Structure formats: structure tokens, C-alpha cells
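Working notes for the structure below.
The values are calculated or read from the model by the stated rules, or taken from the named source; none is laboratory data. The structure presented is a predicted model; accordingly, all values stated were derived computationally and were not measured. Methodologically, a virtual Cβ is constructed for each residue, glycine included, from the backbone with ideal geometry; neighbour enumeration extends over all protein chains shown.
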Amino acid sequence: MATKTKSSAQRDTPKWEMVIDLDRCTGCQACVIACQAENNIPINEESAFHEHRAIQWIRIERYWEGEFPDVKARFLPLLCQQCDNAPCEPVCPVYATYHNEEGLNVQVYNRCVGTRYCGNNCPYHARLFNYWEPVWPEDLRNQLNPDVTVRTRGVMEKCTFCIQRIRRATRGGEAVEDGALQPACVQSCPTSALVFGNANDPDAKVTRLKNDERHFRVMEHLGTDPSVTYLKQVDVDG
Amino acid sequence: MNSRVVKIAIPVVGASVLLVVAFVGWFVISAWWSNPPPVLGFGEGPEQPIAFPHTVHVSDAGLDCQFCHRTVSTDEAATIPAVAQCLFCHGFDKIDGRLSTSETAQEELAKLIADLGEPQQPINWNRVYRLPDHVQFVHAPHIQQGISCSTCHGEIGEMQVVKQVRNLKMRDCVDCHRDNGAPTDCSTCHY
Amino acid sequence: MYYRRTLSDAQINRELLHVVFTTPMWWIVIVGLLGLVVGLAVIAVGFMFNQGLGVTGLRQPVFWGFFITNFVFWVGISHAGVMISAILRLSQAEWRRPMVRAAEIMTVFSLMAALTMPLVHAGRAWRIFYWIFPYDWSRGIWPDIRSPLIWDPVAIFTYLISSSLFVYTALIPDLAVIRDRGKGTWRYPVYAVLSLGWHGSPHQWKLQGMAGILLSALILPVFVSVHSIVSWDFGVSLVPSWHVTVFAPYFVIGAVHSGVSAVVTLMVIMRKLYHLENYIWEEHIDALARLLIVVATGWFFLFWLDLVFSLWTREEQEMVVWNLRLFEAPWGWLFLTFFITSYVIPVPLWLFKRVRRSFTWMLWTSLLVNVGMWLERFLIIVPGLVRKGPLVFDYGTYRPSPIEIMIVVGTLALVPFLLLLFSKFFPLIPLWEVKEGQKLIDHVQLGNVEVPALVKEH
Amino acid sequence: MVDAAHEIPPLPTHQEVTRDVLARFQELGARYWGWVTVLSFLFVLGILGFVIRLTCGFDDRSIWGYHVATMSFIVTTFLAMPLISAGLRLMKAHWRRPLTRVTENMSITGLLVVLMLLPALAALPPLEGRRNIWFDFPLGAPGVWNVLGFGNLALVGLALLWVLALPDLAAARDHLPPSARQRVISWASLGWIGHLRQWRVLYSASMLFGAMYLLAYPLVQSLLIADFHAGLLPGLKDAIAPARAVVHGIQGAIAMTIVVMYVMRRLGGYERYFAVDQFWALSKPLLAFSLFWFYFWWSSFITFWYGRLPGETDLIRFLVLNSYLGPFIVSMVLNFIVPLVTLIWSPVRRSAWGPALVSVGILVGSYVNEVRTYVSAFSIEDPTLHALDGIPPGQWPEAADVLIGIGGIAGCVLLFMLVSKIVPVISMWEVGEGLRLTKVRRYLNRQVRVIAKSH
């Protein structure tokens, strides 16, 4: 019985991917807040932004298109791209970050010694460092998610695709229904701009969308092979 | 200085320094590999607010672990049963004499009832098995795979006071996972 | 040319062992002051460990700053010892003799100073054993040898061990001299153990000579590999302006440039402090300065390649970083300072024989080189991170915190501190090398002049 | 006991050396003319190959790859040889004395290189739209600057040759019977009489031209690599390439010097000057530069390979793994592995045949490496791209390419043989100077050489 589940698991190993439809993104930051709440991310006070040390596993990069006065604000939610050929992985001296079978770029906090080399080598700036010991106000302590490690100071952290939810959903061993498993950011997106799923499932929404004609991936010329695909209509009018 | 004193003092001091270093070294290394050696109080179970005897419940009464630790097969934690569950057997208003014959048992059970009248504070059991925050241990899959509780917790039925029997170092987990074909991906437990 | 002064063995022993057997006041004062600075730096490190790396000036995305700069700088300084002793020994340059020991020991101490840097810069410095030693038996997880950060400790520890051995092998005959002159004091038993029963038999000399030559030859690949590996920390990454193929030789030759300059500084100061006028002559620093001209020009060639090949590919991100380096304050000013102090001022000056033979001039020019070379490492490491990529709309800058500055200053004090301590117990100029050099002096009659001549060693 | 090896044979005098060298210099036997004829024939074959290429024109750049490779081979071996003379003179290495002139005489090949440069420049694509080191201010680049750079190197080389030859030319002028050759030599000696002032000028000029050559050579190699290699390969950002070429040049120069010494020992009877000492001394730097060359190559390889950028990975596939795998292996084995495993052994270094054999391998490897470097670059159709468009196949030589290769090398050897009958191949005055500074003394129980520090 054990061998059977193992072999079937190998055959059906999911490949978690995300598609972000930039044409739907309104830049509302709901995903950012949801991520903060789900993943025990320290509270970014104003000083953290002044020090340039705010921790956000997903952040909304805003940029402008067009010339004044005909200018449009555009938003690019940026999170760890879970690259299949990740530049951050081979440079870690202690295997604190590596690629697992599900195509996830995993960060092991208790293994991390904090050389920060991975952060240097990540072209997406998706990796963040804990400069201070995180502190929560007393009345927020019980709000911490028990399924997620509270990181100490001195380690790197980044988006995990809410691996605690993946673990919970796949615990039984049976296949996860498409759409049933959602990271916090996907779950909270009011415009459903973010889609998450198993790209090894040919019928999954994420598989369909990532081959949409509007698709592109960020900094593809670096050959990192990211697992996050963006969709954007190319504005022909400029 | 008198050279005879020096001649005696140097070996004595040297030997005692060596002894201390050797002891500390042995302690650190053995603690690293497994549990600390049972000196200085290591290796004993903590005293609990109510001297609950697993011997009576498991060996004598023959209760199954899951009779009390009900969520162990479905959830992360095995959970300590609520007071109500104790009283289900032992009687709600007074201590049922059939199940608690000895005097000590009566005394300990009295504490259960004594707490009932107060504002509902849970009993402050002392934790015996403690994993660091960065380890996410889930009981359910282990039970579902048919691993018996005693694999990690030892013969609880023979323990008057529950104590830790397995070191639960990471190597311990990883070895067992390896032997049983369970995943050894770091992110199985660390996330 | 080199062998004007003939010294008797007794005079060599007396003058070179003077500091070992007496403790002058200035020594106590300087060691005390340096120790104070080192102590302050240790307190700063303790404060940083207690509070977290938040007390540094590091921030997103500038993950490496003063510490790594200082690490590269000290690894660079450590390259002088082998350059002076191993290469010059193998090429039988006679003028090496008075400076080998000081250069080697500076290698060892600056490597130690360098080693502290990556250790304290780690986020959880108390866990670096995962990183540096392959000890992790209990988990079955080993360090990842694919990471340049694993190559680093391997190379540096190899270098540290081999250069310590190198120092020790060359020290044995001198230890025996101290042993024999320290009969009846505490020195006798200590130096008797340290000198390994040396009594100067031909067999022992032969073994010692062979060990020296073998270690010289074996240490050379290590020497080249250490700074190459340090350079690959940067070269193999994807950070714009770091991903440059020329980094390995560029770093190595830059290291030799700064290291040999540091040796010049050290020789001038040592000569002054210890009254070594009979041993360190104008000719010695003249030879060092000529070596420096060649090294600096080689370094300049590789620097030029780095610059030109980064610019002419005209990749956007490279241009952004180089623009920051060259034209934006304060980086542009630092760049100007770096280039002027490490090349433009010293090298043309060294072309003049009068500068090369002046201790004052050489002291200041060699100090300038090291100011410049420290800035060079800073300018290589930090601007690339400040302008790492287009996806951060955060174009701030990096500013070191007082804690970082204190720790860096601490390492600057640590090396002279250790050198002074070392000089209290061991002679900084190898007695036997100088004596051997005296033996190889000869004269040749050319026409009607007598010209100093050298016995060829092989 | 006195070891026989420590007995040094009596040193010859300056007069003996002059007499001996001039006697060999004077003779123009049948064997000499035989060699000249053979080499001229081969050189003419090379010109034939060149003419074949010329008829095809310059539109198809790829056919000129082998021509450039041959030119670069000459730069990397023959034209790098004066570096040995200049470098050793600056370092005041005494063992340089018998072998400097051989290396200086080779600077005559600079003339051939300048001639070969012109068609190579004609084959270069226009600067517009492609990455090049000339930025937006070409001022006649790349042609003018390349010609200036190469011409400068050739001129400095010839100047170095001429200046250092003056005392020997004067000696030949005074000792040779009158003939056309003697008149040429007489003219070339520029009235040298060995006046003190003349000697001072000679010393300063030799230092000056030596230093200039040491600076000009890296510049020329940089020009070659930048314009004929890096500028043509899309996406290549290999800053170390010029430095690697310089190192390769010195390696090739040492190898060529050793080969020439060996040939002159066997065929010319110069055993006395090219003693095992010279091979021994030269093979240490030969080993060092073989290691350096590998180190420089490895520095760029690991940067590309570890970075895993698609553009750079494609270039590795093109230059190392797929298209030019064969040439790569040949040059790696001959330029690095063979020297490493042989020359680390003292018995091999302390012989004439050992270094000579290794050197021949290095020369073959160098040629193959030049082919890999330049033929690959010239076979790219569109250099304006930012990354390789697919991985082009490797290019084998055609008959004309082989002819150009043979002709070019034969031409260089021919030039050397011709100039060696104007300028003696042993620098008599330098050997004599060395002899005067050397004395044999008894030191402890052995004989040693004592060398005076002359300045």
C-alpha cells in the first residue's frame, strides 16, 4: 500500500504555478495584507519603510505608462517567482534554499545562517532579510498563524506559495481539486487577477491561462524559468 | 617558588582541568547526539499539577490512546482531553469510588472538581514533548500510516510520570522517514 | 649593490633579538592603544549580535556592505606574504631576505582579520558552523559545495594553514637562538618545545630548506586560488557589474598591489620602531617599488579591461551601475579618490629613483595605495547592489552605520596589534636568512673596480 | 667529496665567442640555401592560397576566418618573442644572454603581420548596429587604429632588434670580408665604434624600446580580440579575453623560443650557447604560463557556466561544448594538460628534448586555439544580434586555408632565416658582458658561479 501511494505520488507530483492577470489588477494591495496576515510577517511600521527594510512577500510595483498628461498607472504584483532555474539556490552554502519536487523554491529558516547571498543573486528582489527580531503587540500574539514558523532575526525569507496550505490540502494523498487550494493572496484578490494551480494538470485554469496569448514572464532573458506567468494586453495605442 | 610544590601542583591542576574539560565535552557531545545524559535532572519527566497515572488508565484499564487523545488521527496535535472528558468516567458531582479506590487517587481527583467552580481555567499541564517553532509536526499522517504511539512516546502504560523517551532530534525524524520511505524534503516539516 | 654592509652574526643576533628580550615603553603604549580599539570593536560586535544586523546600514537590496568590502581588502593584504616569500624565494631574489618574515606573518594576521568579517556579517553568526565546517553528521545534510561561499572557507583555511606552516618552518632556527640565549628564564622551556630540538645540523638545515622550497611551490596555487575564489563570489552571480570574467586575475593582482604596498608600509614603520637601519635599506624598498610598478601596471590593464568591456557591450543595467560609480555623488568622488590614490599618484612617483629610495615618500605612497584599494573593493561591491535591477523602485543609497565603521576600524587595529604582540616573542626579521645572505656576498674585480657580486644559489 | 655536477667547465672568453659566432654567421652553405628554397616555395604556396581567397572577395566573411587565425597565431607566437628578451632584460636575468637575439630577430615577422592585417580588416563588417569597442566615435575605426597599433608594434620590435644588434653588426662589419652583405651590415651598424656615449644610448634605448614593446603587445592583442573575436560574437562579454591572449602569447613565445633553440642546437651547432641550462630556465616560465593560460580560461568559463544566462550558455556550447569541441580538447590537452604533467618533473625540464617536445605540442595547440577563437567569430552571419541565433556548426579548413596557414608560418621562418644572416643569432656582446661579470669560485666544497651586480 505504501509503495503504491509513493509511486502514484511520483507520477502525479503537482507543479504549482501562478498566473497574474495585470489587466485585472487594480493595485488594491489586498493580496499584500492577506499575505502579511497569513504568513506571520512582521508588522511593517513606518520606520521599516524609512530604513528600506520593510518585509513584504508580495508587493505591488507601480509604474507609469505614457507621457504626461496621458499617463496611466500600472501595477505589477511581484512575489518570489519560484524559478525552476533559480539563481538563489546554488549560491546558498548550507542548502537553506533549494528546489523541491513540486517545483517550489523552498526556504528553510532553521537552516539559514544569513549570508544573504541568495538575496544578492535574486534579480526580482523577492528575498528579504530579517534585520530585527520581529515583535508583535501583545494583543496580536494570538493572531499568529500556528502553521507558519515565526522567523527569527538573521534569516532570509520570501514567498512560499503558502506552502502550509499546500501541505494541509495534500495531506490525505488524493489529488487536489483545481481551485480548491489557494494561497492567501489569490484567495483575497477581489478581481481574481491571481490564479493558482497545478500546472501538471492539463485541465487546470492555471495551465490554460499561462498559455494565453497575452502571457509573458519577468526577466526571461536571464533564463531563470519562473513559475509565475503574467498576462498583459500589449497596448497598441501606446 | 618551591620547586617541589610546582612539581606536584602542575600535574594536579592539569589533571583537574582535563577532567572538567572532558566532562563538559562528553556532556555536550552526547547531548548533541541524543538526549543529555541523565545527570543534573535531565531525563526525568516534569511534575504535573495532577498526578495523572497512565499506568492505571493504559495498563490496568486498557484504554486506547485515542480514547482520550481524540484528534490524533485527524489533526496536527493529539490534544489533552478536556476536564469534562475525565469527569465523564469519574463522575461529575462527586468522585466515583468504583474507579478511584486509593486515597491518593481521591486526592488528585479532588483537584479536578475543585477547579470546576472557579473561572474556567484550563489545567496547566506541563509539556513533556517540545518541538521548536520551526518544526511543523503533524500527528495525523503518522497515525494513518499505522505507526503506533509507542514508537515515539514509549511504553506510556508503564510510566507513572510521563517522560520523554526519544530524543526527537532532527536526525531521529529523518532516519525514520528514510527507513519508511516517507518524504525527506526539508519543506515536509519546515515551513 | 645590495651588499654594502657586512654584519657579524653576533651583531645580527643582538640587534634583531633586542625587542624580544626587552620591553620598551612605546611598545606598551602602542599595544595598549591598539588593544583598546580592538576591544571597542569587540564590544561593537557584541552589541550587533545582541541587537541584530539592524544596527548596520544594510538594507534592501544592499545586502553586503562594509564587512564584505573589508573582508576582500584583508584577503588582498594577505597576498603579499606569499608574493614576497614564495615567489621571490623560488626566483632567488636576494633582496627578499629581511622582509620575508614580516610579510608572511602579516599574511597570517590579515587572513585572521579577513576571516572575522564574513563570520560577523552572517545573520546568525552563532550558526556558521553549518557553513564553514562540514560537520553536520546528525542530519545528513552537508554544506553545498556548489556555493562559492563554501569555496571561500576551504580556500582561506587552506591558505591560513599553509602560510602558518610556512612561517613556522622558517621560524625554527630563530627559535633555537632565542632558546639558547634565554637559558635560565621562562623562555628556555617554552622555546625549547617550540624549536623542536633544532641544533643546526646539516641534516636539519637540508630538511628545513627542502620544506621551505616545497611549501613555496605548494602555496602558490593556493595563493592564486584564494583571491580568485573571493572574486568568484561576485563573478558568478547575476548582479550587474559583478558578472565579469576578468574578476579572478583582476582581484589577484589587485591583492598583490595592495599587499606589497602594505609590506612597504610595514617595512618603513618597522625600521623606524625597531631601529633596523642595518637590515632594511633603501635598496630593499627600491626593489619593492619596482615590483609595485609592474604589478600596478598589470592591475591597471585588467582594470581597464573590466571598464571597457563593461561599457562597450552597452547593456542597460551595466550602464546604470557604471553611471552611478563614475558620475553620481558620493560614488563618483570615491571613484576619483580610488583611482588617483591607487594609481595616478603613486606609480608615476615610483618611476623616480629618489622617491623609491626615500622611506618617507614610500610610506605615504604605499598608504595611499591601500586607501585606494579599500575604496576599490567598496566600489566593486556596493554600487552593483544599489542599482541591482529595474524591479525595485528604490533608488536610495547605502550608508555605513557607526557600528560597521567601528568594526572595520577594529580590524585595522587588530593586525598591527597582533604584529606587535608577535614581535615581542619572535624576531620580525629572520636571523638565519640575513646570515645566509651575508654568506653569499662576494666581490668581482672588473677592470680597476671591485663590484659586489652574488653567489648563485643553484 | 666533490660532486662532478658541481664542477663548472671553464668559461670561454669574449673573443672566443665572437670568433665562433662570426664563423657560423659567415657561412652560407648549401644547406642554408636548401632550407631557404623550401621555405620560399611554401611561402609562395601561401600567397597562392591568399590569392584564391582574394578572388572570392570580402562579402562572405566566413572564408577569412582561417586567414585571421593564422595572423593571430603569428602574433601569438613569433611576434610575442621579443617580449621574452625585453622582459628578461628588465628583470636583469643573467641566463637570458644567449637567447635574446633569437627572440629579437623574430620581430621581423611584424612586417608580415601588418600585411596580413589589411585583408582581415577589409573582411570586418561595418560598425553600425553591432557592439564594438569604438563606441560612437570611430574616427576611421577599426581600420586606422588597428593599422596604427600593429604598425607601432612592428616598428618598436624592429627598433629593439636594430638597437641591440648595433655592437654585433659593428663586429661583423669589422671581421667579415668585403661583400654585398658586408656593405649592408656596415650600413646598418650606423657607425658604431663602442664609444662610452654610444653604449649609454644603447642601454637606455634598449630599456625604452623594451618597455614600449611590453606595453604595445597587450594593446595589439586587445585590438585583435576586441575587433576580430568579441566584436563579432553576439552577446559575448568576456573582459578577460585580451589578458588571456597576452598570456597565451607569452606561452607561445616561450614555446617557439625553445623549439628554435632546439633546432639551432641540432642543425646549427649552437650547443655551446643553448645549453640545457637555458631549456631548464625557460621551461619553468613555460609551465607557469601554461597554468596561467588555463587559469585565465577557467575564470571566464566558470563565470559563464555558473551564471547560466541563456546567451552565455549558448556561447559556451558554441565555443567549447558542441561546435568547436574537438579544437577545444586539442588545445586544452596540448596547451595545458601535457605541459602540466610533464614539466612539473625536474628531469624533463633539465633536458633539451623534453621542453622541445612539449613546446611543439603547445604550438600546435595554440594554432588550434586561434582557429577556435577567430574562425568561430568569423562564421557568425549576423553580428548585430544580441545573442546567438541557434548554434552554428564548426567550420573545417579548405585547401586555401591550409595553404595560407602553411605559407604564413613558412614566411615567418623564412624572414627569420634571412635576417639571421644580417644580424648574428647569438648576441655576442651580451654573452661577452655576461662572461665578464661571471667568475667561478670555490665555495665550501663546490664550485659556484659568482655574478657581479653590474648596475
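For this structure, a couple of remarks:
- C:Val224 surrounded by 14 or more Cβ atoms within 10 Å (Cβ to Cβ), within 13 Å of chain D (Cβ to nearest Cβ) and closer than 30 Å to C:Leu324 by Cβ: no
- Residue within the range C:43-65 that is under 20 Å from the mean Cα position of the chain (by Cα) and over 30 Å from A:Pro123 (Cβ atoms) present: no
- The listed residues are C:Ile105, C:Ile77, C:Ile43, and the only one of them that is hydrophobic (A, V, I, L, M, F, W, C) and free of Cβ contacts under 8 Å to residues at least 40 places away in the same chain turns out to be C:Ile43.
- Residue check, A:Glu89 within 12 Å of chain C (Cβ to nearest Cβ) and closer than 26 Å to C:Thr397 by Cβ: no
- Qualifying residues in the range A:92-106 (those that are part of a loop (DSSP other than H, G, I, E, B) and among the aliphatic types (A, V, I, L, M)) - the one nearest to the other protein chains (Cβ to nearest Cβ): A:Val94
- For the range C:273-296, residues that are farther than 30 Å from C:Tyr250 by Cβ and touching a residue at least 12 places away in the same chain (Cβ under 8 Å) total 10.
- Among the conditions (1) under 30 Å from D:Leu233 (Cα atoms); (2) part of a helix (DSSP H, G or I); (3) of a type in the set (Lys, Arg), the only one that C:Arg314 does not satisfy is (2).
- Subset of the range A:113-127 that is at the interface with another protein chain (Cβ under 7 Å from one of its Cβ atoms) and assigned to a loop (DSSP other than H, G, I, E, B) - its residue that is farthest from C:Phe67 (Cα to Cα): A:Tyr124
- No other residue among D:Trp162, D:Trp199 is more than 24 Å from D:Gly252 (Cα to Cα) and out of contact with any Asp or Glu (no Cβ under 7 Å at 6 or more places or on another chain) apart from D:Trp199.
- The set of residues from the range A:206-222 being acidic (Asp, Glu) and closer than 20 Å to A:Val186 by Cβ comprises just one member, A:Asp212.
- Qualifying residues in the range C:409-456 (those that are within 24 Å of C:Gln208 (Cβ to Cβ) and of a type in the set (Phe, Trp, Tyr)) - the one nearest to the other protein chains (Cβ to nearest Cβ): C:Trp432
- Flag if C:Ile172 is away from chain A (no Cβ under 14 Å) and not polar (S, T, N, Q): yes
- Filtered residues of the range A:21-68 (kept if at positive phi and touching a residue at least 40 places away in the same chain (Cβ under 8 Å)): A:Gly27, A:Asn40, A:Gly66
- Residue match in the range B:146-165 (condition: farther than 30 Å from B:Leu112 by Cα, within 14 Å of chain A (Cβ to nearest Cβ) and either in contact with a Cys (Cβ under 8 Å, 6 or more places away or on another chain) or loosely packed, with under 15 Cβ neighbours inside 10 Å (or both)): yes
- Only a single item in (1) touching a Pro at 6+ places or on another chain (Cβ under 9 Å); (2) more than 9 Å from chain C (Cβ to nearest Cβ); (3) in a helix (DSSP H, G or I); (4) farther than 19 Å from D:Val113 by Cβ is not met by D:Leu208, and it is number (1).
- Exactly one residue out of D:Leu444, D:Leu435 is in contact with a Leu (Cβ under 8 Å, 6 or more places away or on another chain) and either within 12 Å of chain C (Cβ to nearest Cβ) or not polar (S, T, N, Q) (or both), and it is D:Leu435.
- Single condition D:Leu286 does not satisfy, out of (1) more than 30 Å from A:His221 (Cα to Cα); (2) buried (at least 22 other Cβ atoms within 10 Å of the Cβ); (3) within 14 Å of chain C (Cβ to nearest Cβ): (3)
- Flag for C:Gly81 being closer than 29 Å to C:Thr158 by Cα, within 25 Å of the chain's Cα centre (by Cα) and small (Gly, Ala, Ser): yes
Let's see how each residue does on (1) outside any helix (DSSP H, G or I); (2) surrounded by 14 or more Cβ atoms within 10 Å (Cβ to Cβ):
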| residue | (1), (2) |
| --- | --- |
| A:Thr26 | yes, no |
| A:Ala34 | no, yes |
| A:Ile41 | yes, yes |
| A:Asn44 | yes, yes |
| A:Ser47 | no, no |
| A:His52 | yes, yes |
| A:Ile55 | yes, yes |
| A:Arg59 | yes, yes |
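- Taking the numbered list (1) within 14 Å of another protein chain (Cβ to nearest Cβ); (2) surrounded by fewer than 22 Cβ atoms within 10 Å (Cβ to Cβ) in turn, C:Ile156 passes all entries but (2).
- Leading residue by the ranking (farthest from D:Ala122 (Cα to Cα)) among those in the range D:141-189 that are in a helix (DSSP H, G or I), out of contact with any helix residue (DSSP H, G or I) (no Cβ under 8 Å at 6 or more places or on another chain) and free of Cβ contacts under 8 Å to residues at least 12 places away in the same chain: D:Asp174
- Which numbered condition A:Pro183 fails, given (1) at pLDDT 90 or above; (2) buried (at least 17 other Cβ atoms within 10 Å of the Cβ); (3) more than 14 Å from chain C (Cβ to nearest Cβ); (4) farther than 20 Å from A:Ile58 by Cβ: (4)
- Residues satisfying the stated conditions in the range D:298-309, i.e. under 16 Å from D:Lys237 (Cβ atoms) and either in a helix (DSSP H, G or I) or more than 7 Å from every other protein chain (Cβ to nearest Cβ) (or both): D:Ser299, D:Ser300, D:Phe301, D:Ile302, D:Thr303, D:Phe304, D:Trp305, D:Tyr306, D:Gly307
- Here the helices (runs of 4 or more DSSP H) wholly within the range D:77-140 that include at least 2 residues being of a type in the set (S, T, N, Q) are D:100-105.
- Single unsatisfied condition, C:Ala122 versus (1) more than 14 Å from chain A (Cβ to nearest Cβ); (2) at pLDDT 90 or above: (1)
- Applying the criterion of being assigned to a helix (DSSP H, G or I) and among the aliphatic types (A, V, I, L, M) to the residues of the range C:227-247, the residue that is nearest to the other protein chains (Cβ to nearest Cβ) is C:Ile229.
- Every residue from the range B:127-141 that is modelled with pLDDT under 90, aliphatic (A, V, I, L, M) and within 17 Å of B:Cys186 (Cα to Cα): B:Leu131
- Of the helices (runs of 4 or more DSSP H) entirely within the range C:103-199, those holding at least 2 residues that are of a type in the set (Gly, Ala, Ser) occupy C:148-181.
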